[in-house]
1. What strands (runs of 3 or more DSSP E) lie completely within segment 294-343 and have 1 or more residues being buried (at least 24 other Cβ atoms within 10 Å of the Cβ) and in contact with an Asp or Glu (Cβ under 7 Å, 6 or more places away or on another chain)?
2. Say we look at segment 219-266 and pick out the residues that are in contact (Cβ under 8 Å) with a residue 60 or more places away in the chain and among the charged types (D, E, K, R); which of these is farthest from Trp321 (Cα to Cα)?
3. Considering only residues that are crowded, with 20+ Cβ neighbours inside 10 Å and modelled with pLDDT under 95, which ones fall in segment 111-121?
4. Can you tell me how many residues in segment 36-63 are under 24 Å from Trp88 (Cα atoms), charged (D, E, K, R) and not in a helix (DSSP H, G or I)?
5. Select, from Ile287, Ile246, the only residue that is touching a Leu at 6+ places or on another chain (Cβ under 9 Å) and of a type outside the set (S, T, N, Q).
6. Which condition from (1) in the same structural domain as Gly215 (by TED's automatic domain parsing); (2) more than 16 Å from the chain's Cα centre (by Cα); (3) surrounded by 23 or more Cβ atoms within 10 Å (Cβ to Cβ) is the one that Ile173 breaks?
7. In the set Thr252, Thr240, which member is within 24 Å of His122 (Cα to Cα), in contact with a helix residue (DSSP H, G or I) (Cβ under 8 Å, 6 or more places away or on another chain), in the same structural domain as Ile297 (by TED's automatic domain parsing) and buried (at least 16 other Cβ atoms within 10 Å of the Cβ)?
8. All but one of (1) part of a loop (DSSP other than H, G, I, E, B); (2) aliphatic (A, V, I, L, M); (3) touching a strand residue (DSSP E or B) at 6+ places or on another chain (Cβ under 7 Å) hold for Ile100, so report the exception by its number.
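The values are calculated or read from the model by the stated rules, or taken from the named source; none is laboratory data. Since the structure is predicted, the reported quantities are computational estimates derived from the model, not experimental observations. As a convention, Cβ positions derive from the backbone with ideal geometry for all residues, glycine included, and neighbour counts pool all protein chains shown.
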Amino acid sequence: MPLHLAINGYGRIGRCFLRALLESPVAHNLQVVAINEPANLESMAYLTRFDSTHGRFPGNVEVAGNKLLIDDRPVRVSHARTPEDADWTGIDLVVECSGIYGRRPELSRFLDAGCSRLLLSHPGSSAEDVDATIVAGINQNTLSGDERLVSAASCTTNAIVPLLDLLDREVGIEQAMLTTLHSVMNDQPLIDGYHHDDLRRTRSAMQSIIPVSTGLARGVERLLPQLAGRVQAKAIRVPTTNVSAIDLTISTQRPVSAHSINALLANAARGPLQKLIAYSEAAHASIDFNHDPHSAIVDGSQTRTSGTHLVNLFVWFDNEWGFANRMLEVADHWARRWPQNRI
């Protein structure tokens, strides 16, 4: 019998998570039976059917009373604005996709309201705010099954951590500098407005390239503590609706060439990391990776070296679809380790 999931916050990631689950082979293990979202039911159904980024929903979506029918399966819908007002009855796992809650006292409100376990679509405010931060394919085996608050990190962390882990093991990382070129997000206005304390985020998302703050370096160190103090990051929002990129520069302990680095990454993409990393040397633009399920796609045509110890890489990633698929894998792996599911 499949485990019952609820989605709290049915925005970009919430809808991608549902769709990724329905397109996944683990759909027989996990089933979304409830959604909590303040928006009205008709709008929820409409934005499930029609998605400007990922195209039309591949199945049927209907409204029946206070439920969505997804391929004739009922999904109960509530419109609570607090964890306490939502109904978590019969739910094994809540997937928290609103992005509102990050500190343990806030997250514990879900548990106090009857939620058994909570999986976050964003990092906890600190490592101590969650029981574990998991990047699928990297540290999922550290889950014991006894955790109640787990974070799936961020889309950017999922994109870069597998690469940094591989590069550190194979060539050694002395220092790393990351610049994320991230598609616009819904905390930015279409035209200038007064909605944000970060003055740059008051500017029109579709008219400018906008630097924003990022906790990526802290997120990397949380997953790869051996790199503590050796990673710095900055982020720039660019006026595209989906698919982001990371410009990565590392100084290496061992000598490298563009050819040797590309060979290393291409072999990893064909081997143990093939589910997480892809490799290409074609003449790409970002739109080529819309709806790509990989965490990262290395663009080998852009690999550069300066001398024998400084290398620059360019990495694409679908910041919505790739991350939704990694969240799904974390949910499935975690559920298999719950005490009642252990063999």
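1. So the answer is 310-317.
2. Arg254
3. Listed by number, the list holds a single entry, Cys115.
4. 2
5. It is Ile246.
6. Failing condition for Ile173: (3).
7. Working: Thr252 fails: within 24 Å of His122 (Cα to Cα).
Thr240 is the lone residue from the list that is within 24 Å of His122 (Cα to Cα), in contact with a helix residue (DSSP H, G or I) (Cβ under 8 Å, 6 or more places away or on another chain), in the same structural domain as Ile297 (by TED's automatic domain parsing) and buried (at least 16 other Cβ atoms within 10 Å of the Cβ).
8. (3)
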